[in-house]
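Read-outs throughout are calculated quantities, based only on the coordinates presented, and are distinct from any laboratory measurement. None of these values were measured; they are calculated from a predicted model. Reconstructed Cβ throughout: ideal geometry from the backbone, glycine too, with neighbour counts over all protein chains shown.
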Ligand code: 13P
């Protein structure tokens, strides 16, 4: 196979260690505020390192559903914190920075979904958790990358399905379930930067490496055949931890490498695309975590009627999980 040319990948960008006083103050405030810090696998290392739970969308929604803390500081993106707020209407839900949005979630509005539903009366609406609270309120089921196949499997075969907003996850679900669905044409710009040419070149350089792929990858059709497993972010973390193999190509946002490297110092982890960095996830920082716990701001709230309707769809998912 001919070697493909590509820019060098920096596997371990150096990071200055966080100020220990800052870390200490955050840990103190967590106790004083009876706060739990939930961090997504894509958060920067210094934020992950002060979190009580680090996980994928499903794991963090489950952690939010069962916590007895008074304050939930959600270090991720807005739809994740909104989900926590929907599950905890009486708690204080904070984000380090409200500007941490999600380009994929913004690719369908509640008005667009209502218009789509009107074209398919009686169809079951399955929405990926990467959606706004307004879109969740118009949905029958929510799913994440962990449980999407299970959710689809719970819907009677004769029912028409509208799946949104990620077309690559939708493609994967159709292939795996053998069901045809109407799929909204949304995508995650970060996962689109992961390309099959890069994967092939990495596999050529590291023939023993296992390729783990997130179902949002833009190369879904061409990369599926290259993947040893298609997994959620936490599924990848578990796979690397439990596998006897020692080399892995990681097909998702690069923030996940922080936790993987900490857990597996002896294993070689290669990002499938060094440029797969979500700008929204990286808006949060340790300083903003501190300010948020100090001021109990900025708060994430969801209109109660929207939350009531969205919760039904989220609860259906949590019951299946
Ligand atoms: P996970 O649920 O697999 O963590 O995915 C979250 C996400 O937003 C991927 O872009």
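Kirkwood analysis of the Cα pair distances in segment 193-321 returns a hydrodynamic radius of 17.1 Å.
Give me the log10 of I(q) over I(0) for segment 89-218 at q = 0.10, 0.11, 0.17, 0.22 Å⁻¹, as the Debye formula computes it from C-alpha points; what are the numbers? Rounded to two decimals, the profile gives -0.39, -0.47, -0.94, -1.29. The distance between label points at residue 157 and residue 242 comes to 2.9 nm (points 7 Å beyond Cα on the Cα→Cβ vector). The Rg/Rh ratio for segment 252-321, using Cα coordinates for both the radius of gyration and the Kirkwood hydrodynamic radius, is 1.12. Put the Cα centre of segment 129-146 next to the Cα centre of segment 270-303 and the gap is 21 Å.
Report, please, the projected area of segment 124-197 averaged over directions, based on the convex hull of its C-alpha atoms, in nm². Present the calculation step by step, with values, prior to reporting the outcome.
Details: hull surface 20.8 nm².
For segment 124-197, averaging the hull's shadow over all directions gives 5.2 nm².
Taking 7 Å steps out from each Cα toward its Cβ at residue 229 and residue 34 produces label points 3.8 nm apart. As a proxy for reagent exposure, 184, 291 were ordered by neighbouring Cβ count within 10 angstrom, fewest first; the result is 291, 184. Legend: calculated FRET efficiency, residue 99 to residue 175, from the Cβ-Cβ distance at R0 = 45 Å, rounded to 0.05, equals 0.80. The shape of segment 78-124 can be summarised by an equivalent ellipsoid whose semi-axes, obtained from the alpha carbon gyration tensor, come to 28, 15, 7 Å from longest to shortest. Radius of gyration over Kirkwood radius for segment 13-72, both on Cα atoms: the Rg/Rh ratio is 1.01.
The Stokes-Einstein estimate for segment 50-116, based on a Kirkwood radius over Cα pairs and taken at 25 °C with 0.890 mPa s viscosity, is a diffusion coefficient of 190 µm²/s.
With the convex hull drawn over the C-alpha atoms of the chain, the volume per residue is 131 Å³. Pull out a ≥ b ≥ c, the square roots of the eigenvalues of the alpha-carbon gyration tensor of segment 1-146, then state rounded if a/c is under 1.5, prolate if not and a/b is larger than b/c, and oblate in the remaining case. Judged from the Cα gyration tensor, segment 1-146 comes out oblate (a/c at least 1.5, b/c at or above a/b).
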